[in-house]
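Trainee: Dropping the structure in here first, questions after.
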Amino acid sequence: MADASYALVFQGVTLGGFEREQVMERFGQLFRLSAADVEKVFGHPRVVLQRNLDRAAADAYASRLAGIGMAVTVDAAHPPAAAAPSSPVLKPMSAPQPQAEKQADEPAAQVPAAAPPVADAQSAAAAMPVTPASVAPREIEFEFTGNGFEFFRIWIVNLLLSIVTAGIYSAWAKVRTQRYFYGNTRSDGASFEYLADPLKILKGRLVGFALLLIYSLANKFAPLLGAVLMLCFLAIFPWIMVRGLAFRNHNSAWRGVRFGFDGQLGEAYRVFLLWPLLGVLSLGLMFPYAVYRQQQFVIGNSRYGVEPFQFGARPSAFYRIALAVFGAAVGGFLLSMLLGKVFPPLGALAMVAAYAVIFALSNVMFTNLRYNNTRLGAHALQADYRLGSYAMLMFTNTLAIALTLGLFYPWAKVRTARYAAGHIGLVADGDLGEFAAAQREQVSALGGEIGDVFDMDLGI
């Protein structure tokens, strides 16, 4: 008997936490397949993507495909010697060519004979070369190494100096805080960096304070002028958002490579003014879509070095979050009303609990949605926030802060950062050190970035 070979089999379903449409899109992008070819693969309950693989190559492919959400298995097989060799679907140096597997005891859906072969797709070797010696995608967790007492000393000094200097020191306090949390957040053995200049932050805060003072005085002594100033603020809000995002990204770095933001002002007006306005006019029906467009704008226009982030979520996912939050709100309200009729204090407690659940549920679902649908080139971010553990974190933090009159705040912030690091990760398809080095080279070749453009933090 010939040595066993292995077949890579797609089970026709996606893994938990992944949207089917998004998985189909990623599969098509990864192997440069047309939408019709992707539909053929996902339209069958069992599809053999490749036969005659050795175990190492099969496992490497399975890991890569599982990383984008496809439920695949590696099956041992001994094909008959007389059988005609099938066209490979995934070859180390070629693109995928899905074909339906047909077995005597199992009817398998067949790709229509008239359909053009998927083998016409461009080679995927450059994007994901798989050989027995290649490195399979690996899951890299973020790590937060700070501790509460250490940050308490920074926080208390920041607070006292900000009070003594009437808020002037708050710009330096922000930089110290950000550098502490960035520096204690690590990925793949390297820490993040926060590079902002406190003087630029101070300049932005002084401008913001002056605008707030003018509005407050106008609203008190000339309400009509206050209303006009509020409209003016709304008119410049998208510009403030773009400047704030550009400042934050430009002053964030990892392995010596800065992040960036390339959002355009015209698009910012659409996502931060037009779509929210349509949400109001539609009595809230368009709000989830407005949030979707905002996330698409913020993430899709961010980059690491010169490599842009990609956001692949669909609007339907945001509507599911809205429905879940709305359902929790209605359920909490009805429960509090019912308990309030039995014993009024119970009604009040139920209302507080419902608010906490709504807050935790929205944060968990929104965080998972954002990270699980964000990619950076061949690398994919992922998050697995859990409602129970996150709600308990929020509850214990809030209770401890209340009981200590605020002194527990530094520990609460550290605990939250540690939770985030422990539940957010990266599926790296390749060496991240080489990826960062390539970004440094490309940024250098482009002549660097114009740092003077990002000369002010407006507090966003």
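The values are calculated or read from the model by the stated rules, or taken from the named source; none is laboratory data. Not measured: the values here are computed from a predicted model. Neighbour counts are summed over all protein chains in view; Cβ atoms, including those assigned to glycine, are modelled from backbone coordinates with ideal geometry. Areas reflect the complete protein model, heavy atoms only, side chains present, ligands, DNA and RNA absent. Shrake-Rupley method; radii C 1.70, N 1.55, O 1.52, S 1.80 Å.
Trainee: Identify, from the list 19, 39, the residue that is under 29 Å from residue 313 (Cβ atoms) and either open to solvent by less than 60 Å² (accessible area, probe 1.4 Å) or among the hydrophobic types (A, V, I, L, M, F, W, C) (or both).
Mentor: Checking each option against the conditions leaves just 19.
Trainee: Given the criterion of a type in the set (Val, Ile, Thr) and touching an Asp or Glu at 6+ places or on another chain (Cβ under 7 Å), identify the matching residue among 48, 23, 41, 72.
Mentor: 48
Trainee: For residues that are over 18 Å from residue 240 (Cβ atoms), touching a helix residue (DSSP H, G or I) at 6+ places or on another chain (Cβ under 9 Å) and open to solvent by 20 Å² or more (accessible area, probe 1.4 Å), tally how many sit in the stretch 264-281.
Mentor: 2
Trainee: Right, another one. Say we look at the stretch 165-206 and pick out the residues that are surrounded by fewer than 17 Cβ atoms within 10 Å (Cβ to Cβ) and aliphatic (A, V, I, L, M); which of these is farthest from the chain's Cα centre (by Cα)?
Mentor: 166
Trainee: When only residues in the stretch 48-72 that are free of Cβ contacts under 8 Å to residues at least 60 places away in the same chain and in a strand (DSSP E or B) count, which is most open to solvent (accessible area, probe 1.4 Å)?
Mentor: 52
Trainee: Sticking with this structure for a sec: Do any residues in the stretch 23-36 that are over 21 Å from residue 381 (Cα atoms) and part of a helix (DSSP H, G or I) have Cβ atoms under 9 Å from those of residues that are open to solvent by 20 Å² or more (accessible area, probe 1.4 Å) and modelled with pLDDT under 75, where the two are at least six apart or on different chains, and which pairs are they?
Mentor: Partner pairs satisfying both residue conditions: 36/115; 36/116.
Trainee: Next up: Would you mention how many residues in the stretch 335-344 are open to solvent by 60 Å² or more (accessible area, probe 1.4 Å) and either in contact with a helix residue (DSSP H, G or I) (Cβ under 9 Å, 6 or more places away or on another chain) or closer than 21 Å to residue 397 by Cβ (or both)?
Mentor: Count: 4.
Trainee: Check residue 401 against each of (1) open to solvent by 40 Å² or more (accessible area, probe 1.4 Å); (2) touching a strand residue (DSSP E or B) at 6+ places or on another chain (Cβ under 9 Å) and name the one condition it does not meet.
Mentor: Of the numbered conditions (1) open to solvent by 40 Å² or more (accessible area, probe 1.4 Å); (2) touching a strand residue (DSSP E or B) at 6+ places or on another chain (Cβ under 9 Å), the odd one out for residue 401 is (2).
Trainee: Tell me, yes or no, whether the stretch 404-421 has at least one residue that is crowded, with 19+ Cβ neighbours inside 10 Å, β-branched (Val, Ile, Thr) and under 29 Å from residue 22 (Cβ atoms).
Mentor: No: the stretch 404-421 contains no residue that is crowded, with 19+ Cβ neighbours inside 10 Å, β-branched (Val, Ile, Thr) and under 29 Å from residue 22 (Cβ atoms).
Trainee: Do we have any residue at all in the stretch 207-228 that's under 28 Å from the mean Cα position of the chain (by Cα) and buried (at least 16 other Cβ atoms within 10 Å of the Cβ)?
Mentor: No, the stretch 207-228 contains no residue that is under 28 Å from the mean Cα position of the chain (by Cα) and buried (at least 16 other Cβ atoms within 10 Å of the Cβ).
Trainee: Pick out the one residue from 347, 388 that is more than 15 Å from the chain's Cα centre (by Cα) and open to solvent by less than 40 Å² (accessible area, probe 1.4 Å).
Mentor: Being more than 15 Å from the chain's Cα centre (by Cα) and open to solvent by less than 40 Å² (accessible area, probe 1.4 Å) holds for just one of 347, 388, which is 347.
Trainee: Separate question: If you take just the helices (runs of 4 or more DSSP H) that sit entirely in the stretch 234-351, which of them hold at least 2 residues that are touching a residue at least 12 places away in the same chain (Cβ under 8 Å) and under 30 Å from residue 434 (Cβ atoms)?
Mentor: 287-300
Trainee: Look at the stretch 354-384 and say how many of its residues are small (Gly, Ala, Ser), more than 15 Å from residue 291 (Cβ to Cβ) and open to solvent by 20 Å² or more (accessible area, probe 1.4 Å).
Mentor: Matching residues across the stretch 354-384 total 3.
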